[in-house]
Amino acid sequence: MISTVLTLLQEVNPPISTSAERYLLIYMVSILIILCGLIVVFFVVFQKRKNKLIMEKIRQQQQFEEEISNTQVEIQEQTLKNIGQELHDNIGQLLSVANMQLSILNTQVPEDIKESFTETKNVIRDSLGEVRALSKSLNSEVIANRGFQLSVQNEIERLNKLKLLNAQLIIEGNPENFKNSKDSIILFRILQEFLSNTIKYAKASNVSINLNYKQDSLEIKAEDNGVGFNETEIEKGAGLINMKSRAALIGVNFKLSSQVGKGTALHLVYPFRAETKFTL
Amino acid sequence: MSYFIDFVNKYAPLIWLSLEILAALTGLIVYKKYKHTVNKYFIWFLVYIVFMDIIGRYSYWVVGNGSLNFLQGTVLEQNYWWFTIFWNVASVLFFGGYYLKLINNKLRKKILKISLAIFLFISVFSILITLPKFFYGDINIIGISGTVIILQCVFYYFFEVLQSDKILDFYKSLAFYISCAVLILWLVQTPLTFFEMYNKAYDMDYVNLRNYINLLVISFMYITYTVGLIVSKPEYD
C-alpha cells in the first residue's frame, strides 16, 4: 500500500537532487582527485629516494676505484724507488769502486795496453753516470725534489746520451706556476711511458717535448717521427691504460693521436691544482 | 556567474572535442617517435576517439527540424547506445589490451585477460537483459565493471614501475601519463552514473554540476595526453 503511494508520488514529482547529495558528489570527486595527486606525489618521492641510493652506490664505486688506482700508483712508485736505490747504492757503488781501482792501476799499466785500458775506464765511468741518471729518473723522491722540469730535462739528456734518438725539449712560459710536486711525479711518469714506447716501438729518430706553462694550466706536447700506429686497431696495452688512468687521477686532459707512417703525438693539458692528500 | 554557467553549458562539448582533436593531432605529429612502441596503438585510439565523438553527436540533428529528424520516435533517437558500445565498452577493451602489452608479469596478465573476458560477457549480458534501457540511458554495471578493469590495469602498471628501474625515469614514460589520466577519469566519472537519474532538464543544479565535473576531468585527461605525448621518450616504455 505505502509503496504504491510512493511510486505514485514519484511519478507526479520526479526526483530532484538535494544539495546534500550534490555536496556529497563534490566531496567524493575532490577526494578522488586528491588521492590521485597523492599517488603521483608518492611516485616522485619514491623516485627521488631510489635515485639518491643509486647515486650513493655509484659514488662509493668511484671512490673504491680511485683508491685502487691510487694504491697501484703507490706500489709502482715504491718499486721504482727501490730499483732506483738499488742501482744507486749497489751497482753504482760497485762501479765507482771499479773506477777508483782502475784509476789507481792507471799508473802501473804498461804503455802497450794503456789506450784500451783508458777506454775501458771511460766506459766504466760512463756507465756509472748512466746508472746514476737512471736511478734519479726512477726514484720519485728525487723527481719531487728536483721538480718536474729538471726531471724531464734529465730524461732528455739521458736519451741523447744513449744515442738511440735525438731528443729535444722546448720550454715556454713561467715554470714557477707549477708547484704541485706529487702531481709532477705522475705527469713525469706519463711522459716517461710515452718516451719508453717511442724507443721500444716507434723506431723514431727524433722526439720533441714542448712544455708550455700558462697562467692556470700546463700544456705538454710530445711528438715523435716514428712509424705510428692505427688508433682503431691498436690493442690497448698496460702502458696506454696506465697513462690514461694516471691522467684521470690528477684531472689531466689526455689525448694520444697517431697515424701510420706519421708518428705519434701526445697532448696533455694539466690544470694546476693545490697539493692533494694523495701520498706516495 | 550565470554567464559562466551558460558558457560552460553551451561550449563544454565543443571544448572537449577540440581538446580531443588537439591530443590526436599531437599524437599524429609525434607518431614517428612512437612508431616502434606499443604507444602507436594509443595514437590510433586518440584518432578513433575524435571520429567516434563526432559521429556520436548525430543526435543534435535529430531534434526539431534537424536533417536526421526521421529518427525521431525510433530507438536511435538518443545516442546512449552509441557511447555505451563505442566508448564505455570499446575504450575499456582498448586500455585492457594496451596494458596487456605493457605488463610483463604473467600472473597479472592472466588475471587481466580473464577480467576482460568477464567484462565483455557482463556488458553483452546486461545490454540484452535490460534491453530497451540500452537506448535510453547508461547501464551502471558496465561503467562500474569498466572502472574495475581500468583500476586493475593502472595498479598493475604502477606496481611494475615501482618494482623495476623504470621508476627512475617514470616521468619520461607516456604510459605513466596515460595511467594518471585514465585513473582520474574513471574514478571520478563512476560516481556520476549513480546520479544519472537527476540528469534531467528540470534539475539544473545537478546538470550544471555534472557539466563542471565532466569538463574538469575530460579536459584534464586530454591535456595530460597531449603533454605526455610531447615530453615522453619512447625508449622508456
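Values quoted throughout were computed directly from the atomic coordinates according to the rules given, and no laboratory measurement underlies them. Please read these numbers as outputs of a predicted model, since none were measured by experiment. Positions of Cβ are backbone-derived with ideal geometry, glycine not excepted, and every protein chain shown enters the neighbour counts.
Choose one answer from A:201, A:213, A:270: the residue with the largest mean-square fluctuation in a GNM of chain A with alpha-carbon springs under 10 Å.
Checking each option, the largest mean-square fluctuation is seen for A:201.
Report, as an integer, the average count of C-beta atoms from other chains found within 10 Å of each Cβ along B:207-215.
Numbers: counts 1, 1, 7, 3, 0, 2, 3, 0, 0.
Mean number of neighbouring Cβ atoms from other chains: 2.
As a footprinting exposure proxy, order B:221, B:52, A:55 by other Cβ within 10 Å, with the fewest listed first. Could the numbers behind the result be given before it?
On the way: B:221 25, B:52 18, A:55 10.
Arranged by neighbour count, lowest to highest, B:221, B:52, A:55 become A:55, B:52, B:221.
Over the Cα atoms of the stretch B:1-140, each weighted equally, I'd like the Debye log10 I(q)/I(0) at q = 0.15, 0.18, 0.19, 0.21 Å⁻¹, rounded to two decimals.
-0.98, -1.17, -1.20, -1.26
In debye to the nearest 20, how big a dipole does the stretch B:125-237 give about its Cα centre with +1 on each Lys and Arg Cβ and -1 on each Asp and Glu Cβ?
Working: 6 positive and 9 negative charges, 35 e Å.
For this selection, approximately 160 debye.
Cut-off 10 angstrom, C-alpha nodes, Gaussian network model of chain B. Which of B:81, B:44, B:61 fluctuates the most?
B:61
Return the Rg/Rh value of the stretch A:24-138, two decimal places, where both radii are evaluated on C-alpha atoms and Rh is the Kirkwood radius.
Working: Rg = 37.5 Å, Rh = 21.2 Å.
We get a ratio of 1.77 for the stretch A:24-138.
Give the dimensionless ratio obtained when the Cα radius of gyration of the stretch A:192-267 is divided by 2.2 N^0.38 Å. Display every interim value, and only then the final one.
Numbers: Rg = 12.6 Å, N = 76, 2.2 N^0.38 = 11.4 Å.
The value comes to 1.10.
Provide the per-residue ³J(HN,Hα) series for the stretch A:165-180, in order, calculated from phi with Karplus coefficients 6.51, -1.76, 1.60 and θ = phi - 60°, each as a whole number of Hz, with x at glycine and proline positions.
7, 9, 10, 9, 10, 10, 10, 10, x, 9, x, 6, 5, 9, 10, 6
Taking a virtual spin label 7 Å from the Cα of residue B:197 along the C-beta vector, which residues in the stretch A:15-44 bring their backbone nitrogen under 13 Å of it?
A:15-18
Could you tell me which of the pairs A:136/A:163; B:106/B:172; A:50/A:182; A:81/A:163; B:40/B:166 are separated by over 28 angstrom between their Cα atoms in the structure shown? Can you show the working numbers first?
Working: A:136/A:163 19 Å; B:106/B:172 25 Å; A:50/A:182 38 Å; A:81/A:163 25 Å; B:40/B:166 20 Å.
Over 28 Å Cα-Cα: A:50/A:182.
Quickly estimate the mean residue ellipticity at 222 nm for chain A, helices only: each DSSP H run with n ≥ 4 gives -39500 (n - 2.57), and the total goes over all residues, rounded to 500. Mind showing how you got there, number by number?
Working: 8 runs with 169 residues, N = 280.
It comes out at -21000 deg cm²/dmol, rounded to the nearest 500.
Output the 0 to 90 degree angle, nearest 10, between the alpha-carbon long axis of helix A:148-162 and the longest principal axis computed from the alpha carbons of chain A.
So the inclination is approximately 50 degrees.
Thinking of the protein assembly as shown as a set of Cα atoms, what percent of all their pairs are more than 30 Å apart?
67 percent
How many partner chain Cβ atoms sit within 10 Å of a residue's Cβ in peptide A:16-23, on average, as a whole number? All intermediate terms of the calculation are to be shown ahead of the outcome.
Details: counts 7, 11, 3, 2, 0, 6, 8, 1.
Taking all residues of A:16-23 together, the mean is 5.
Quick check: the angle from helix A:19-86's long axis to the longest principal axis of chain A, C-alpha only, nearest 10 degrees?
So the inclination is approximately 10 degrees.
Find the all-direction average of the projected area of the Cα convex hull for chain A, expressing the result in square nanometres with one decimal place.
Directional mean of the projected Cα hull area for chain A stands at 30.6 nm².
Filter the DSSP H helices in chain B by two things, a Kyte-Doolittle mean of at least 1.0 and an axial alpha-carbon span of 24 angstrom or more, and list the hits by number.
Numbers: long enough: B:2-29 (39 Å, 1.21); B:39-56 (25 Å, 1.43); B:106-129 (34 Å, 1.58); B:140-163 (34 Å, 1.45); B:174-194 (32 Å, 1.84); B:204-231 (40 Å, 1.08).
Helices passing the filter in chain B: B:2-29, B:39-56, B:106-129, B:140-163, B:174-194, B:204-231.
Take chain B, connect every pair of alpha-carbon atoms lying under 10 Å apart with a spring to form a Gaussian network, then pick out the residue of B:13, B:191, B:132 with the largest mean-square fluctuation.
Residue with maximal mean-square fluctuation among B:13, B:191, B:132: B:132.
Given Cα positions, please report Rg to Rh for chain B, the hydrodynamic radius being the Kirkwood one. Mind showing how you got there, number by number?
Values: Rg = 18.8 Å, Rh = 19.1 Å.
Radius of gyration relative to Kirkwood radius: 0.98.
When the scattering of the stretch A:147-280 is computed by the Debye formula from its Cα atoms alone, each counted once and equally, what is log10 I(q)/I(0) at q = 0.13, 0.22 Å⁻¹?
-0.53, -1.43
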